[in-house]
Amino acid sequence: MQNIYDLVVIGGGISSSTFIANILKKGFNGKIAVVEAGRGLGGRCSTRYSYKDKKLALNHGCPNFNIKNSIKDSYLDNFIKELLDEKLIKSLDNSFFEFDENYKFSKKFDNEFYLGNVYTSTSHMSKLVENLIHLYNSKDQIDFYFETLIVKLSFKSELWNILSNKNKEIIGKFLVCSSNLLLHKRSLEILNVREIPLREAINKENNMKIDQIIKLTNKQEYIKRINFLIHTKKNYNLEGFFNKEIVHFVFNQKLQKDIGFERIIFQKQIDNSLGIIIHTKNIDFILNKYEREDNKILYKYVSNKLNTFLLKNHITFKNLLLDDISRMNWRASQPIGEGIPERLQLCNEYNIGFCGDWIQLEGYGSVSGAILSGLKLSDKFIEFY
Ligand SMILES: Cc1cc2nc3c(=O)[nH]c(=O)nc-3n(C[C@H](O)[C@H](O)[C@H](O)COP(=O)(O)OP(=O)(O)OC[C@H]3O[C@@H](n4cnc5c(N)ncnc54)[C@H](O)[C@@H]3O)c2cc1C
């Protein structure tokens with residue numbers, strides 16, 4: 001007889017870990033399955049560990065997050081305070097610098113990720129998500145299914161039955177989707193299915209909320225990004241003022257067009273070597289030029305651009321030598337278009353809920369929105385349960 005979970009959560013990103021932490025905190029004592037396509041937790045807040053040395057780690061997705069409009073005693077602020085008290089996050093103040101189109105430091109920030117209070121993980125971003133999900137998991141209520149890509153959903157006899165591309169079946173009484181992939185037409189290509197999985201599970205005109213959420217989700221598009229991940233030889237330091245554990249160089253819109261990079265992040269590693277992450281958003285420019293070429297040419301271009309930038313700013317390393325360089329393609333780094341109204345987050349007729357940065361809340365398309373969506377859904381879920 002197959003295990004029936006009280007709750008199945010698809011996706012192991014920051015929105016679902018927030019949701020799970022909060023329902024556990026509020027006393028939910030059911031059994032939970034977390035089902036994640038990737039090898040570990042994190043989602044877009046994840047970290048890549050070096051093949052050569054597992055101790056070396058670079059945040060290949062989101063490196064930090066911010067709360068633009070901090071309101072004392074608000075729901076989100078209380079949660080952030082809890083994360084600070086638990087030492088899961090720390091302030092990034094004094095570690096980020098914005099450059100203008102003349103390659104000069106600008107006083108004013110125009111990058112949306114650095115407005116208000118800016119935070120990062122005290123370790124790696126994946127670790128933040130992992131620690132968060134276990135914050136109140138003292139009774140070991142969660143089973144994890146990694147490398148499990150869900151391609152089919154069905155709802156029969158009040159139970160959700162979810163099926164992976166490798167025919168792994170998981171059954172639960174309540175389902176939470178933390179990604180909109182299973183509602184979106186891009187699933188047809190990505191999951192290689194004939195119908196949008198949620199649509200197949202709940203046919204049209206059976207439920208107004210479900211019809212609306214599928215309709216609105218399909219109007220959303222995503223920003224593509226490419227990140228380059230670089231390990232340097234040992235014992236390099238940014239010198240002088242920039243000799244810190246983490247440094248973010250952020251470029252204003254005009255400079256991004258010129259340099260082709262969105263930001264460069266320096267992240268000191270445990271063995272004292274320096275990791276470098278370059279974020280690019282202007283991907284057509286890069287892809288058109290290099291996609292069909294050897295990666296080596298692309299990487300040479302990236303390291304030349306990096307060196308030009310550093311030299312222009314008199315930022316020097318002692319003998320900067322790149323050890324290895326790889327890249328991460330983010331087909332869907334942030335949603336654009338209207339978010340999904342919060343009132344559609346939970347559908348009690350079908351025992352299903354939704355969270356993630358694609359819900360229309362303050363911080364839509366970013367970590368703070370994803371966290372808020374997890375907090376809001378946890379309230380709705382506890383009330384419903
Ligand atoms: C390069 C980059 C830089 C960013 N920079 C910033 C920043 O500086 N500040 C900021 O606030 N935000 C930033 N963001 C956005 C931020 O990362 C996201 O808003 C946030 O992480 C979203 O969290 P989430 O839980 O909603 O979704 P996700 O992290 O995407 O979690 C959803 C999870 O569901 C899994 N999943 C999806 N479909 C299935 C399936 N069918 N079966 C199994 N698992 C599935 C996915 O693998 C994923 O792990 C950045 C994003 C990227 C990619």
> In a GNM of the chain with a 10 Å cut-off on Cα contacts, which of Glu169, Glu239, Glu200 has the highest mean-square fluctuation?
Replying inline: Glu239
> Can you give the extra length, in nm with one decimal, that the chain gains between Met208 and Lys26 once fully stretched, where that is 0.36 nm per residue apart less the Cα-Cα distance?
Replying inline: 62.5 nm
>> For a 22 Å ceiling on Cα separation, which of these pairs sit above it: Lys87/Lys224; Lys127/Lys185; Lys156/Lys204; Lys31/Lys380; Lys166/Lys380; Lys107/Lys244?
In response: Lys87/Lys224; Lys127/Lys185; Lys166/Lys380
> By how many nm would the segment from Asp6 to Lys233 lengthen if fully extended, with 0.36 nm per residue of separation less the alpha-carbon distance?
Replying inline: 76.8 nm
>> Using C-alpha positions alone, give me the convex hull volume of the range 125-192 per residue in cubic angstrom.
In response: 122 Å³
> Residue-wise, which Karplus ³J(HN,Hα) couplings in Hz belong to the range 268-275, taking 6.51 cos²θ - 1.76 cosθ + 1.60, θ = phi - 60°, and x for glycine or proline?
Replying inline: 5, 9, 4, 8, 6, 7, 10, x
> With each label point set 7 Å from Cα along the Cα-Cβ vector, what nm distance links Asp324 and Asn167?
Replying inline: 3.5 nm
> Roughly what would the spin-label model give for Asn348 and Gln253, points 7 Å off Cα along C-beta, in nm?
Replying inline: 4.4 nm
> Once the Cβ-Cβ distance between Asn94 and Thr122 is put in as r, and R0 is 22 Å, what FRET efficiency do you end up with, to the nearest 0.05?
Replying inline: 0.85
> Among Val129, Val176, Val151, Val34, which comes first, then next, by fewest other beta-carbon atoms within 10 Å?
Replying inline: Val151, Val34, Val129, Val176
>> For a test of the definition: using alpha carbon positions, the gyration tensor, and the 1.5 limit on a/c, classify the range 15-77 as rounded, prolate or oblate.
In response: oblate
> So for Val118, Val367, fewest C-beta neighbours within 10 Å to most, what's the order?
Replying inline: Val118, Val367
> Over all distinct Cα pairs, what is the inverse of the mean 1/r for the range 92-218, reported as the Kirkwood hydrodynamic radius in Å?
Replying inline: 18.6 Å
> Can you list residues whose amide H is under 5 Å from Trp330's amide H, if they're 5+ apart or on another chain and H is modeled 1.01 Å from N?
Replying inline: Arg225, Ile226, Asn227
> Of the peptides 226-233, 185-192, how do they stack up when ordered by the mean number of other Cβ atoms within 10 Å, highest first?
Replying inline: 226-233, 185-192
>> Assuming 0.36 nm per residue, please report the length gained on full extension of the stretch Lys300 to Asn243 beyond their Cα-Cα distance.
In response: 18.0 nm
> Amide H to amide H, which residues 5 or more places from Tyr5 or on other chains are under 5 Å from it, using H placed in the peptide plane?
Replying inline: Ile171, Gly172, Lys173
> Sorted by packing (mean other beta-carbon atoms within 10 Å per residue), highest first, where do 214-220, 246-252 land?
Replying inline: 246-252, 214-220
>> Could you give me D for the chain, from Stokes-Einstein at 37 °C and 0.692 mPa s, where the hydrodynamic radius is the Kirkwood radius over C-alpha pairs? Units µm² s⁻¹, please.
In response: 150 µm²/s
> Which FRET efficiency value, to the nearest 0.05, do you get for Asn192 and Glu383 by plugging their Cβ-Cβ distance into 1/(1 + (r/R0)^6) with R0 = 41 Å?
Replying inline: 0.65
> Hey, if you put +1 on the Cβ of every Lys and Arg and -1 on every Asp and Glu Cβ in the chain, which of Pro197, Leu346, His60 ends up farthest toward the positive end of that dipole?
Replying inline: His60
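Rule-based calculations on the coordinates, nothing more; no lab input. As the structure is a computational prediction, the values presented were derived from the model and not from experiment. Note that we place each Cβ from the backbone using ideal geometry, even for glycine, and neighbour counts take in every protein chain shown.
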